[in-house]
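Remarks on the structure that follows.
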Amino acid sequence: MPSVLIADEVSEVAAQAFAERGIEVGVHPGLAPEALAGIIGDYEGLVVRSATRVTLELLERATRLKVVGRAGTGVDNVDMDAATKRGIVVMNTPHGNSVTAAEHTVAMMCALARRIPQADRSTRKGGWERGRFMGVELRDKTLGIVGCGTIGAIVATLAQGLRMRVVTYDPYLAPERASSLGVTLVTMAELLADADVITLHVPLTDETRGTIDAEALAKTKPGVRIVNCARGGLIVEPDLKAAIESGHVAGAALDVFEEEPARDNPLFALDEVIATPHLGASTVEAQENVAHQIAQQMAEYLLTGTVLNAVNTPSVSPEEMAKLGPYLTLAQQIGSFAGQIAEGRIRGVTVAYEGQASELDSRLLTAAALQGLLGPRLDDINIVNAPFIARERGIDVREVKSATTADYRTLMRVEVLTQENAQAVAGTLIGRGGRRIVEVEGIEVEAELGPHMLYFTNEDKPGIIGAVATILGKAGINIATFNLGRREPGGDAIGLIGVDSVVPGEVLDKLRAHAAVIDVKRLNF
């Protein structure tokens, strides 16, 4: 059975969930990087939160690793390119702590509006300064939400309960979704100018880093309040400090910082700043939710191949996997067939889906076809890293879909363009998941693929079948299946022969030496 390492502090629910599925668990939170690197090679799965950094150096030592699970949302502590290139699935739990994070955001907003932490500190010291800690009401104020995904949407609902007007900037939010949430879609410039409170709910990317900088703050209304419970780095902290000191920004409530742990941040010197130590997901319920969720997701992947909430490969639910399963194998086999007969450097690949296949989510299927295609040429190719490696090698990958197909209810075709030529292989499903190759290089043929096969091209002349069978028989190679196709009588023909063992090179040479044989290739599936 697979084994999983829990490298950060997560609820014991995770270890229990893994054990229930028969997966071995090592619990070693808080290891130093070198100590972690020393044991990571023993595990197929790695569970982290935000403390452990999954770096290139660590992944180079993780020779068996198949999946990294982040018990939480953000994955900026994982080297995504390095993981993907090595075929390692990276998963998160995008919904397990959504309510908790949204509630913390609203709590911070309320504390900021009423200056609760500052008043608490003063009162504990013996002060009774009611006039000093004058606050503002949130009712009828405008809340500007930057990023209205799962957490942002919950914040919007809670804010509406406080009778706030909610506007949002989110270039990926459909107008219909905004309408159903009761929020107003605006531009970023409009949000900055209109909001009394701004809260951030976007991931940290090259595009979002420094979203709130001096230029953005200059566009906000005087007295604006800033809340960030998403990711450090979204705010340029020196610019925020200057805006607070100038009086333009009334205050900020921050749960995340550019450098964490944030033990000596200049913002801490400002009485107008409320700070918490990355508590957005820190409730008992949330930690149990994400621990159980990440364990179930990783177990499903390690035991069945089902991909859920992956951030570097298409996710597939168990229901979708039931539909895609036969197609995944077909796609991989067609791609492998095409890769084994293609000659020269691959320049482009087109994966065509016809009939019922055109209705499927094709992202994972195309990845499977690429895995099969590149597998005969490269080591360590899997469904996760195949698209990444194809892009890295400059291979142009395209998808084509057609609701109709001439002769079959469903059809997949992989067309490969190389420096030498262009070739295509097509296949279909029959019965209950049976797979058949039905076309090679434009020639119709119906063949079931086996572990060991021969593919030969020849002139359509009498005696070729007997000659091939004789050569194989004399070599002690037993024929399991024999399938033929031709373009026209007397023209180009092809053959697919299933055999019970690997055909030696000297036997291939004898087959190629036949006058009517153009070429013979050994195929393995």
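The values are calculated or read from the model by the stated rules, or taken from the named source; none is laboratory data. None of these values were measured; they are calculated from a predicted model. When we count neighbours, we look across all protein chains shown, and the Cβ atoms used for this are built from the backbone with ideal geometry, even at glycine. All accessible areas refer to the heavy atoms of the entire protein, side chains included, with ligands and DNA or RNA removed. Shrake-Rupley method; radii C 1.70, N 1.55, O 1.52, S 1.80 Å.
Side notes on the structure shown:
- The phi torsions of the range 45-51, fed into the Karplus equation with coefficients 6.51, -1.76 and 1.60 and a -60° offset, translate into couplings of x, 9, 9, 9, 10, 9, 6 Hz, rounded to whole numbers, with Gly and Pro shown as x.
- Per residue value of the accessible surface for the range 337-443 (all protein chains in place, 1.4 Å probe), Å²: 46 Å²
- Read-out Kirkwood radius over Cα pairs in Å, derived from the coordinates shown; its label in (1) 29.7; (2) 23.2; (3) 26.9: (3)
- Cut-off 18 Å (backbone N to label point 7 Å along Cα→Cβ of N524), residues of the range 339-369: 339-342
- 3J(HN,Hα) along the range 270-283: 8, 5, 7, 9, 9, 10, 10, x, 6, 9, x, 10, 8, 10 Hz, from the Karplus curve 6.51 cos²θ - 1.76 cosθ + 1.60 with θ = phi - 60°, whole Hz, x for Gly and Pro.
- The charge dipole of the chain, taken about its Cα centre with unit charges on the Cβ atoms of Lys, Arg (+1), Asp and Glu (-1) only, comes to about 460 debye.
- From phi via Karplus (6.51, -1.76, 1.60), per-residue ³J(HN,Hα) for the range 261-266 in Hz, x at Gly/Pro: x, 8, 9, 9, 8, x
- Label zone at K461 (point 7 Å along Cα-to-Cβ), backbone N below 18 Å, the range 490-525: 490-495, 509-520
- Accessible-area value, R377, 1.4 Å probe, nucleic acids and ligands omitted, Å²: 90 Å²
- Under 5 Å between amide hydrogens, built in the peptide plane, is the criterion, and for K66 it picks out G45 among residues at least 5 positions away or on other chains.
- Kyte-Doolittle at least 0.0, axis length at least 18 Å by Cα - qualifying DSSP helices, the chain: 98-114, 318-341
- In a DSSP loop and with at most 14 other Cβ atoms within 10 Å, the GluC sites (Glu not before Pro) in the range 160-263 are E207, E259.
- Amide H to amide H, with H built 1.01 Å from N, A253 comes under 5 Å of I226, V227, N228, I274, counting only residues 5 or more places away or on other chains.
- Efficiency of FRET from Cβ geometry, R432 and E259, R₀ 45 Å, rounded to 0.05: 0.20
- Cα-centre dipole for the range 282-400 with unit charges at Cβ (Lys and Arg positive, Asp and Glu negative), debye to 20: 540 debye
- As a length-normalised measure over Cα pairs under 8 Å and 6 or more apart, the relative contact order of the chain settles at 11 percent.
- Approximate spin-label separation D380-A242, in nm, with each point projected 7 Å along Cα-to-Cβ: 4.6 nm
- Available extension along the chain between E34 and E20 is 2.0 nm, counting 0.36 nm per residue and deducting the alpha carbon span.
- Calculated mean residue ellipticity at 222 nm for the chain: -10000 deg cm²/dmol, from DSSP H runs with n ≥ 4 weighted as -39500 (n - 2.57), summed, divided by the residue count and rounded to 500.
- Under-5 Å amide H pairs with V27, H placed in peptide plane, nonlocal only: I6
- Zone of R177's modelled label, taken as backbone nitrogen in the range 75-109 under 18 Å from a point 7 Å along Cα→Cβ: 92-99, 102
- The calculated FRET efficiency for the pair K474 and E420, based on their C-beta separation and a Förster distance of 30 Å, comes to about 0.40.
- Inter-probe distance in nm under a simple model that places probes 7 Å from Cα toward Cβ, at E129 and T187: 4.2 nm
- Using a simple spin-label model with pseudo-atoms 7 Å out from Cα toward Cβ, E448 and R61 lie 4.9 nm apart.
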